[in-house]
Structure formats: C-alpha cells, structure tokens
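Here the structure comes first, spelled out in structure tokens, and everything after it is commentary.
The values are calculated or read from the model by the stated rules, or taken from the named source; none is laboratory data. All values reported here derive from a predicted model rather than from experimental measurement. Cβ sites come from the backbone with ideal geometry, for glycine too, and all protein chains shown count toward neighbours.
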Amino acid sequence: MDSQTELRYRQSNRLLRLLLDNHTVEEVVETISYLMEKPVLFIDINFSIRGMSRTDEITDPSWNFAISKGFCSHEFIFEIVNIEEVKRFPKERTPYVVGLESDSKVLVSPVIIRGKYAGAMVMFFENSEVTNQHLELLLLANEVLTEIILKIPMYKYIRGNMNEGILMDLIEGRDKENADFKSWVLESELNTSNNLCVLVSEQDDDNLYQEVIKDSLRDDLYHVFPKSHAIFYGNQMVVLCTDLEKAKTDKGISRLKSFIEKHALRVGMSDFFQGIENFQSYYFQAGAAIRIGATIHDQKRFFYYGDYKFFHLLEKVTGDDGNKLRDFVQSGLLTLEKYDRQHQSELFYTLNMLIEKGCNYKETCEALHIHRNTLSYRIERIKVLTQLDLTAPQVQFDLAYSFRILEFLKHQ
C-alpha cells in the first residue's frame, strides 16, 4: 500500500468511526475540516448553519456575514439559488464546484435524506485546487453525517425545507412587505395562491413535540393532506394546506379527525383564503378557533373557525369588559331563562335549537327527540312569554346573536 493510499484509508477510517458512537453533526464537520485542512460548513435546508470549522480562514464577505448571524439571509439565499451551478446540481450527494465573487470557490455536497434534499456540506478553497481526494472524502463525510441525522432523534427535524423558513417569517410578521418576498416564494414550494387554509394543532401531552416524534406526525399528516407544509412553532404544529377542493377537503377533514384521535390532538382550522402573504391572519384564526372552541366545547377536538368567528368578534370588541354584552341580548331570552328556572322547563333550550336549525320544525324535533306537537306547544308558549314574532327575519337574527352572546358570557 503506497503512502497516499494509506493516508486515504486512515482518513476514511477516522470518519467512519464517528458512526460507532453518538457523535454529533458538529463533530463530523470538525473532522472533515481537520483532515482536509479546509473550512467546512453544514447548512440545513432552511439555510441555518448547523456546524462549522476553521471559519476564520473564509474571506468571502457574504459568507462571513452569514456565519456571523448563524444563518443565511433571504437575499443571500436568493443569490445562491440563482447561481447556474446550483440550478443544475443533481439531486444526489455528488459534490460540485461553485465559484464565488471573491475569486475563491466552494465544493458543495447536497445532503439527501430519504430521497429529499435536506441541506449541504460546503468546503471552502481560497488558493488551491479541488482534487479527487477532496471529492471522495467530502462525499464520505456527507454519508456519515446523513447516517448520524437518521440515527439520532434530535437531528430528525433537519428534514425541513425553505418553505418552513418563509412560513416562520410570516407567522412572526417579517418580510411580507419586503420587495423580494415574491421572489422568495417563487423559489419555494409555496408558489400558489388558491384554496389555502391553516391548521394549528395542540396536544394534551406537553412532550408531544419532542424531536423524536415530529417526523411521525408530519408523515401521518401528509397522508391526510398531501399538499401541506408543516412547521413546529413553540408548542404548536402549524400547517399550511394548499390547492384544496371542496370534495377533497370534506374527505380530508374526515381523515383529519382520525388523525386527531390517533395523536390526541386539538386542531383549529382557519377559513379558506388566497395569497400566501395573508398567512399570518389565518394562522391567528386557527389559533383562535382552538382557544375559544376548547373553552366553549371542552370535549371536542376539531374546531373550525367559522363556528367560532362570532365569539372571536365578541372577544376582540369587548376585551376584559365582556359583561356589558348582556345589554345587547334580546330581552325575551332573559324572560325565558327566568321562566325555565322557576318552572324547570326547557323553553330557552328549545328556542335555541329552533334558531340553530333555521326554524326547521322537522330538524328541531329530531335534535330534541320530541314529537312535532310537543314542539308546537312549546313555541306557542314561547310566543306568549316573549311577545316575539318568530317568523320575522330580524327577530331570528337578533335571537341568533343573542344566544351566542350568552354562550360566550357563560365561559368568561
């Protein structure tokens, strides 16, 4: 064995030994950097820098700025993804060379996990040429790093993508007004404007979103809504669903409810909307649906915002002074409440169900499990006590919002 071959054997063996114990991504980066005597970075798919070594030797100003921040700005990302070599790079680990403005160059090896792009290892060259030895060892380091990511639960979240970074910025109100925002969206998989909705999920177990089970949740969710993008934000899983059609949505919601039961989740769903730039508003809707819905209907797990929109309006309008809302309740309802307490009757509940069913006698009887004659008797009694014309549209509207105000106040 000649000296060069022996050197490569020792270098390869040192990298492979990292797999034997629970070594970290950072240790892989440090090892390949030490063996090659070159600066090396590992960047995940969100362009966050997860490992770096010998960075003081990097002279390119754009990369130095990214290193100082720990992540690449959207402007820098946009420049990177429009480099011709990057556009052409194969969807495999094979390293390729990219020239930099500073006349230096980098050797890039894409990290592919379960068939999906998950980031890249980047080796910097200032005044030297790229050799086959660099290509071979960077590729081996990539394979070792990939196995470590798959092996150690804390790294599994690296399967994310640039979509997550954009959604995170939108949640926190960043970049929406940036002139380059549309360009960033065009470069992502979020380049769609129709039939969008947001899901926000929470779970009974505070430990739900440990790294070890994030992938399982994502994978199960993709079976429900294949065209979805999920991120984990604080104690929530936030999901953007795209290109939903009504027929498919109805089936999806049925599957979603099974998903909710399986993982013991609570899920809020926003209204449908157009334009990804509006994501934050509908994220707030989905969050409000869970917050308000879980308070009013604590046994339910799925909360559609449309069912709680009026309660959200009341919450926003009244703030901490909700008791004043009682002044806007149709006075006839207060009369019925008092009568029911005194006579142990169910006139208030009966009228509530009648209004909820659009004054349809058949549906109201079925919901209350009573005969039509019983319903007719109760309605006549209600008319006598309240002096209301229940056929008048304005009266029906007044009663509908009055019932919702009283329901809202009951849970304050």
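I need the full set of residues from the range 90-105 which are in contact (Cβ under 8 Å) with a residue 40 or more places away in the chain and within 35 Å of the chain's Cα centre (by Cα), in order please. Across the range 90-105, the qualifying residues are 93, 94, 95, 100.
Restricting attention to helices (runs of 4 or more DSSP H) lying wholly within the range 280-360, give those where 3 or more residues are within 29 Å of residue 172 (Cα to Cα).
Of the helices (runs of 4 or more DSSP H) lying wholly inside the range 280-360, those with at least 3 residues that are within 29 Å of residue 172 (Cα to Cα) span 305-318.
Residue by residue, here is whether (1) aliphatic (A, V, I, L, M); (2) in contact with a helix residue (DSSP H, G or I) (Cβ under 9 Å, 6 or more places away or on another chain); (3) on the phi > 0 side of the Ramachandran plot holds:
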site	(1), (2), (3)
12	no, yes, no
19	yes, yes, no
36	yes, yes, no
57	no, no, no
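Residue 204 satisfies every condition listed in (1) at pLDDT 80 or above; (2) under 28 Å from residue 408 (Cβ atoms) except (1). Contact map, the range 360-387: first residue under 12 Å from residue 350 (Cβ atoms), second residue of a type in the set (D, E, K, R) and surrounded by 13 or more Cβ atoms within 10 Å (Cβ to Cβ), Cβ cut-off under 6 Å, separation 6 or more or different chains; pairs are 364/357. Considering the range 56-109, the residues that are modelled with pLDDT of 85 or more and of a type in the set (Asp, Glu) include one that is farthest from residue 124 (Cα to Cα), namely 56. I want to confirm something. Restricting to the range 385-399 and keeping residues that are surrounded by 14 or more Cβ atoms within 10 Å (Cβ to Cβ) and of a type in the set (Val, Ile, Thr), which single residue is farthest from the chain's Cα centre (by Cα)? My answer is 386.
Would you be able to say whether some residue in the range 319-329 is under 17 Å from residue 398 (Cβ atoms) and crowded, with 16+ Cβ neighbours inside 10 Å? Looking for residues that are under 17 Å from residue 398 (Cβ atoms) and crowded, with 16+ Cβ neighbours inside 10 Å, one finds at least one in the range 319-329, hence yes.
Being modelled with pLDDT of 85 or more and in a loop (DSSP other than H, G, I, E, B) is a condition met by at least one residue of the range 39-52.
Residue count for the range 211-243 under the criterion of being within 20 Å of residue 258 (Cβ to Cβ) and at pLDDT 85 or above: the result is 4.
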